[in-house]
Each structure stands twice: as C-alpha cells, then as structure tokens.
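Each remark here refers to the structure printed beneath this line.
What follows draws every value from the coordinates through simple rules; no lab data is involved. None of these values were measured; they are calculated from a predicted model. Heads up, the Cβs are rebuilt from the backbone with ideal geometry, glycines too, and the neighbour counts pull from every protein chain shown.
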Amino acid sequence: MPRQCRIEYPGAFYHLMSHGVDDVPIFVDDFDRKRFLDPLHQLVELGILIVHAFVLMVTHFHILCETPSVGLSILMQKFLGQYVQGFNRRHDRRGHLLRSRYKALLVEDGEYFLECSRYIHFNPVKAGICSIPEDYPWSSYGQYVGSSDMFSWVCASKTLDYFPNNREYEGFVLKGRQVELRNPFDQAIRGIVFGSSEFAQRMGVVIPKPKKNQKESALSITAIEDAVNQIFPGLTQFQHNRIMVYALRCFTGKTCREIASLANRTPSAVTNIWNAINKQISCNRQLQQKMASLRHSLDKTSPP
C-alpha cells in the first residue's frame, strides 16, 4: 500500500509519534532523553519548529508542534535518523530502532489541538507510571502548571490562552480520569487529519461517503428530538441532552466528532455518554423498553 503524502504548509500543527520496533525501549536512561531533547531545543531556538507539548515514554514519544515553514518530512527524517544512529552506537546495537516511518497527524486548531495536548500530558498517568502528570519529569506539563521551567523553550502560551489560568488547564488535563481519552491517531480521518470533516476537506482529504444502506442516517435531528420528547417526557435539560447525544449516535450516520459539534461537547464526552447509557440500559428494564419504543417510533418516520 503506498504511503500517504504528508500535508505541509506554514503554520500547520502536527501531533508526531514514533514507537520502538517490537516495543523495544527507545529511551534507556536520562542521557538518551537529553540527547533526544537537546536537538529539539536547538530547532526551536533556530525558529525551525515550535513545540507546544511533548512526552517521552520508554518505548515511544509524542510531540505537538507547529511548523513556521514547510519541510517537516525532511526535518524529522534528519532529526530521528541522527538520534537512532547515536542510540545504536551508544548501546552497541544494529538495525532499526523505530517502527517504519514516524506518524504525523495534521491537527485542526482549537478543540482538536487541546485534545492532543491533554492526551500527551496525561499519557504517563494513563500508562500507570505516575498518579498525576506533574510527577512525570520527561514531559512539558511542568512548564504549563508552573512546577518546572526545565523546558522553558516549550511554547505553553498558545494552549494556556484558551483557559483563564494555569489551574483551569490543569483541571482540563486531570479530567482524563473521568473521560475516555482515545488516541488521536485512532480517530484521525484517513489516518492523516485530526479535525472536523470540514477541515479535512479544506486540506484536500477525501471523506468516505456513508453506506447507502444506512437508512437511519437520513433521519433529521428534528425527528429524533421530537421522538425523544415524546418517549422521555419530563427530563431535565441535562438528561435530555445526554439522551439526544445517545440517540444521534444510535440513529444517524454521524461521527462522534460531528455529534460533539452539534451538542457542544468533546468527542470523548460523546463516547463517555454512549458507554454510560449502554451500561444503564443493560440493568434497567424500564430504560430498555423506552429505548425500544424510541427505535420503533423512529423506524416509522424514517424514509423508505
């Protein structure tokens, strides 16, 4: 299968990741980590790259960056090539260290950018290495919450501008305990864009068309809301919104991203609601009956 072309333009945001082949460690000790970060720091100092967030795990790394000019592919090829050569010499090994080509997601600014930042900084907690992101020294998180200035070359200001203060960002990251943080690479459109379908189309990415046999996708949001109001009378606004999110995922061909946009929520919140209501349905017979009634009602209104 041919490699997909990188989308490059000045001012683009990327979530970069590379993993050790066969899960081998790519960072054995702190010397390796410093030898990886020092050239990255130099690229920032030279104005070639802007780093917004990073984390160095044992077998892989994540970097959220911005390119002031084009040339990411050549830049990363040289950067990673030099690191691998030095690593192999130092540890007396041969052969490939990284799995094939590094991964690079083109990231849409705003919500998607923030999701990448949170995913990167919460990675050590998700992996069970520490209980809070602040306890992990080899990420840029300390630069965000003021606990460390070791990586002062990381640009935290853009991300923090979305929040009233540092503590609000800290709360946003720590919500990773309550929501399902899915890997942005698993949610990417065509494996190359982490963003809305509109953004992907502007970048020239062809969006797959929904399957023709998905009759439910033709249901209007108004029809679904009318049915929800009929089957679930007396709900609070909060409860109504949750049922609507669930119904949109059940009865339309819309993606989690599209539903999140409609409901003014994050995609991870949509997934969280879906899982929570499914769990309730499994042990609540009354809710099972209401969901069956909702489906029956919508089946009658769906187009042939």
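Short version: ³J(HN,Hα) in whole Hz for each residue of the range 263-275, in order, from phi by Karplus 6.51 cos²θ - 1.76 cosθ + 1.60 (θ = phi - 60°), x for Gly and Pro, what are they?
After applying 6.51 cos²θ - 1.76 cosθ + 1.60, I find 8, 6, 10, 8, x, 5, 5, 4, 4, 5, 5, 4, 5 Hz.
I'd like the Karplus ³J(HN,Hα) series for the range 8-14: coefficients 6.51, -1.76, 1.60, θ = phi - 60°, whole numbers in Hz, and an x wherever there's a Gly or Pro.
Result, ordered by residue: 10, 6, x, x, 6, 9, 9 Hz.
What does the net charge come to around W138 if you take all other residues with beta carbon closer than 12 Å to its beta carbon, with K and R at +1 and D and E at -1?
-2
Using +1 at the C-beta of Lys and Arg and -1 at the C-beta of Asp and Glu, which of T67, I224, I192 has the Cα lying farthest in the positive direction of the dipole of the chain?
Farthest towards the positive end: I224.
Starting from the amide H of F232, placed 1.01 Å from N in the peptide plane, find each other amide H under 5 Å away whose residue is 5 or more places distant or on another chain.
none
Mind ordering 21-27, 62-68, 284-290 by average Cβ neighbours within 10 Å, highest first?
Answer by packing, highest mean first, reads 62-68, 21-27, 284-290.
Rounded to whole Å, give me the distance from the Cα center of the range 60-89 to that of the range 244-289.
Computed from Cα coordinates, the inter-centre distance equals 39 Å.
If I take R0 = 25 Å and measure r between the Cβ atoms of F31 and S147 in this structure, what FRET efficiency does the formula 1/(1 + (r/R0)^6) give, to the nearest 0.05?
Efficiency, rounded to the nearest 0.05: 0.60.
Among N165, G176, N275, whose Cα sits farthest toward the positive end of the charge dipole of the chain (+1 at Cβ of Lys/Arg, -1 at Cβ of Asp/Glu, about the Cα centre)?
The one lying farthest along the dipole's positive direction is N275.
Could you order the peptides 268-279, 133-144 from most to least packed, using the average number of other C-beta atoms within 10 Å per residue?
Put in order of decreasing packing, that is 133-144, 268-279.
Which value, in debye to the nearest 20, describes the size of the charge dipole of the range 12-202 about its Cα centre when Lys and Arg Cβ atoms bear +1, Asp and Glu Cβ atoms bear -1, and nothing else is charged?
For the range 12-202, the charge dipole is close to 660 debye.
Say the cut-off is 29 Å between C-alpha atoms; which of K103/K158; K103/K279; K78/K175; K78/K254; K34/K158 go over it?
K103/K279; K78/K175; K78/K254
How would you classify the chain from its alpha-carbon gyration tensor, with a ≥ b ≥ c the square roots of the eigenvalues: rounded for a/c under 1.5, else prolate if a/b is greater than b/c, otherwise oblate?
prolate
Could you derive backbone 3J(HN,Hα) for the range 148-157 from the dihedral phi with the Karplus parameters 6.51, -1.76 and 1.60 (θ = phi - 60°), listing whole Hz in sequence and x where the residue is Gly or Pro?
7, 10, 4, 10, 5, 6, 6, 8, 8, 4
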